[in-house]
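Reading through the structure tokens given below for one structure.
None of the figures in this text is laboratory data; all of them are computed from the coordinates on show. All figures in this text were calculated on a predicted structure; none of them were measured in a lab. Neighbour counts are summed over all protein chains in view; Cβ atoms, including those assigned to glycine, are modelled from backbone coordinates with ideal geometry.
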Amino acid sequence: MSHPQRKTHHINGFGHFDIAGPELAPLERFYTNLFGWDVTPRGPGYAMVATPEGSPNGAIVETPVPSLTFGVVVADLNGALDLAVREGGRVVLPKTDNGWVKKAQIADPAGNVLTLIEG
């Protein structure tokens, strides 16, 4: 696979994922060898992941605690955050503009964390 490129995203569909763990190298090796994903380091503690056409790209991130977080593309980030709270969720990370995307994180009523990405 080639360098991670932007893919077409669909509103209310998966648009990104983050795989996190305390060391990047074993995760990069695991996902490259298991699925053939193209992993491109992007600086300390972060690597972009390209997956086959039809599935979202993602990232491997260095964090002390392992996790897997899915990103869902929404048309209105502020509206989605408000609705998530009204439906029993909570905001974990407020709306953030990292220069690449506008995103936030919510937890559902069971505590599962999702990233919301403004599309």
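Short version: what are the Cα gyration tensor semi-axes of the stretch 13-69, square root of 5 times each eigenvalue, largest first, in whole Å?
After diagonalising the Cα gyration tensor, the semi-axes are 17, 13, 10 Å.
Gain in length, Arg42 to Val65, computed as 0.36 nm per residue apart minus the alpha-carbon separation, to one decimal in nm?
6.3 nm
If I model a spin label at Asp108 and His10 as a point 7 Å from the Cα along the Cα→Cβ vector, what separation in nanometres do I get?
1.8 nm
Remind me, what semi-axes does the chain give for its equivalent ellipsoid, largest first in whole Å, using sqrt of 5 times each Cα gyration tensor eigenvalue?
Over the Cα atoms of the chain, the semi-axes work out to 25, 16, 12 Å.
With θ set to phi - 60°, apply the Karplus curve 6.51 cos²θ - 1.76 cosθ + 1.60 along the stretch 50-60 and write out the HN-Hα couplings as whole Hz, x wherever there is a Gly or Pro.
Using θ = phi - 60°, the values come out as 9, 10, x, 3, x, 10, x, 7, x, 8, 10 Hz.
Contour minus end-to-end for Arg86 and Asn33, with contour as 0.36 nm per residue of separation and end-to-end as the Cα-Cα distance?
Gain on stretching Arg86 to Asn33: 14.9 nm.
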